[in-house]
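**Student:** This is the structure I want to talk about, given as structure tokens.
The values are calculated or read from the model by the stated rules, or taken from the named source; none is laboratory data. In this text, all values refer to a predicted model and were calculated from it rather than measured experimentally. Cβ placement follows ideal geometry from the backbone for every residue including glycine, while neighbour counts extend to all protein chains displayed. Note: areas computed on protein heavy atoms with side chains; ligands, DNA, RNA excluded. Shrake-Rupley method; radii C 1.70, N 1.55, O 1.52, S 1.80 Å.
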Amino acid sequence: MGAITLDSITVTPLRRIPTPGGDVLHGMKTMDSGYSGFGEVYFSWVEASAVKAWKRHLAMTMNLIVPVGQVKFVFYLEAGHQFRVEEIGCDTYCRLTVPPGIWFGFMGLVQPQSLVVNVANLSHDPSEVERRELAAIQYAW
């Protein structure tokens, strides 16, 4: 595997199927690109204008989906002080596949809150993730 770059993050459009009584939203199948095994699925609510940052997974590949609301994700690589921003959610329903080694944070964009889903290839392990305070990486949220 080569060096991690922000171009290593992939955006996969997802199907939203209108049905009477409520839409069906696809998330991930084992045959999808970005699928690299299953460890766990976890959910995180983020309130409008709230920022949750900064984390970097050392081994986990994340598959991020926002089925409720709209969220701004900011990805950061220290080499070259590079940022990449992706806004996903109801208006832009897709999945972000993020390899390990990239710092990230996110902010809720709509009231009252948005839901972030991570289909991860590993189960949560506190020794596998690094954290920094919000002010440690300079970004104008």
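**Student:** Taking a cut-off of 20 Å between Cα atoms, list the aspartates and glutamates near Lys55, but don't count ones fewer than 8 places away on the same chain.
**Tutor:** Asp7, Glu40, Glu47, Glu78, Glu86, Glu87, Asp125, Glu128, Glu130, Glu133
**Student:** Over all distinct alpha-carbon pairs, what is the Kirkwood Rh of segment 64-103 in angstrom? Don't jump to the answer; show the numbers that get you there.
**Tutor:** Numbers: mean 1/r = 0.0912 Å⁻¹.
Evaluated over segment 64-103, this radius sits at 11.0 Å.
**Student:** I would also like to ask the following. For the pair Gln138 and His81, how long in nm is the line joining their label points, each one 7 Å along Cα→Cβ?
**Tutor:** 0.5 nm
**Student:** Mind grabbing the accessible area of Thr30 for me, 1.4 Å probe, Å², rounded to tens?
**Tutor:** Approximately 100 Å² for this residue.
**Student:** Can you tell me the order of 5-17, 59-71 when each peptide is scored by its average per-residue count of other Cβ atoms within 10 angstrom, highest first? Could the numbers behind the result be given before it?
**Tutor:** Details: 5-17: 13.2, 59-71: 21.0.
Highest mean packing first, the order is 59-71, 5-17.
**Student:** Roughly how many Å² of Tyr93 are accessible to a 1.4 Å probe, to the nearest 10?
**Tutor:** Near enough 30 Å² of accessible area.
**Student:** Decide, for segment 92-141, between rounded, prolate and oblate: order the square roots of the alpha carbon gyration tensor eigenvalues as a ≥ b ≥ c, take rounded if a/c falls under 1.5, and otherwise choose prolate if a/b is larger than b/c, else oblate.
**Tutor:** Values: a/c = 1.83, a/b = 1.11, b/c = 1.65.
In terms of gyration-tensor shape, oblate.
**Student:** Work out the FRET efficiency for Ala48 and Ile4 from their Cβ-Cβ distance, taking R0 = 41 Å, and round it to the nearest 0.05. Please list the in-between numbers first.
**Tutor:** Values: r = 31 Å, r/R0 = 0.76.
With a Förster radius of 41 Å, E is 0.85.
**Student:** Could you state how much accessible area Trp141 has, in square angstrom rounded to the nearest 10, with a 1.4 Å probe and all protein chains kept in place?
**Tutor:** 70 Å²
**Student:** Further, regarding this structure: Per residue, what accessible area does the chain have, given a 1.4 Å probe and all protein chains present, in Å²? Please report the intermediate quantities before stating the final value.
**Tutor:** Numbers: 7430 Å² over 141 residues.
I get 53 Å² per residue for the chain.
**Student:** Dividing the Cα convex hull volume of segment 9-141 by residue count, how many Å³ per residue is that? Write down the numbers at each step before the final one.
**Tutor:** Details: hull volume 14.8 nm³, N = 133.
Dividing the Cα hull volume of segment 9-141 by its residues yields 111 Å³.
**Student:** Using DSSP to call loops (not H, G, I, E or B), can you name the GluC sites (Glu not before Pro) in segment 105-141 whose Cβ has at most 11 other Cβ atoms within 10 angstrom? Display every interim value, and only then the final one.
**Tutor:** On the way: sites: Glu128, Glu130, Glu133; in loops: Glu133.
For GluC sites (Glu not before Pro) across segment 105-141 that sit outside H, G, I, E and B with at most 11 neighbouring Cβ atoms in 10 Å, the list reads Glu133.
**Student:** Using a 1.4 angstrom probe on heavy atoms only, work out the carbon and sulfur share of the accessible area of the chain in %. Before the final figure, lay out the partial values.
**Tutor:** Values: 4110 of 7430 Å².
Here it works out to 55 percent.
**Student:** Length gain on complete extension for the stretch Arg16 to Val129, per 0.36 nm per residue less the alpha carbon to alpha carbon distance? Before the final figure, lay out the partial values.
**Tutor:** Details: separation 113, 0.36 × 113 = 40.68 nm, distance 3.20 nm.
In short, 37.5 nm is gained.
**Student:** Over segment 31-141, what is the mean sequence separation of C-alpha contacts under 8 Å (at least six apart), divided by residue count, expressed as relative contact order in percent?
**Tutor:** Values: 264 pairs, mean separation 48.9, N = 111.
Rounded, it is 44 percent for segment 31-141.
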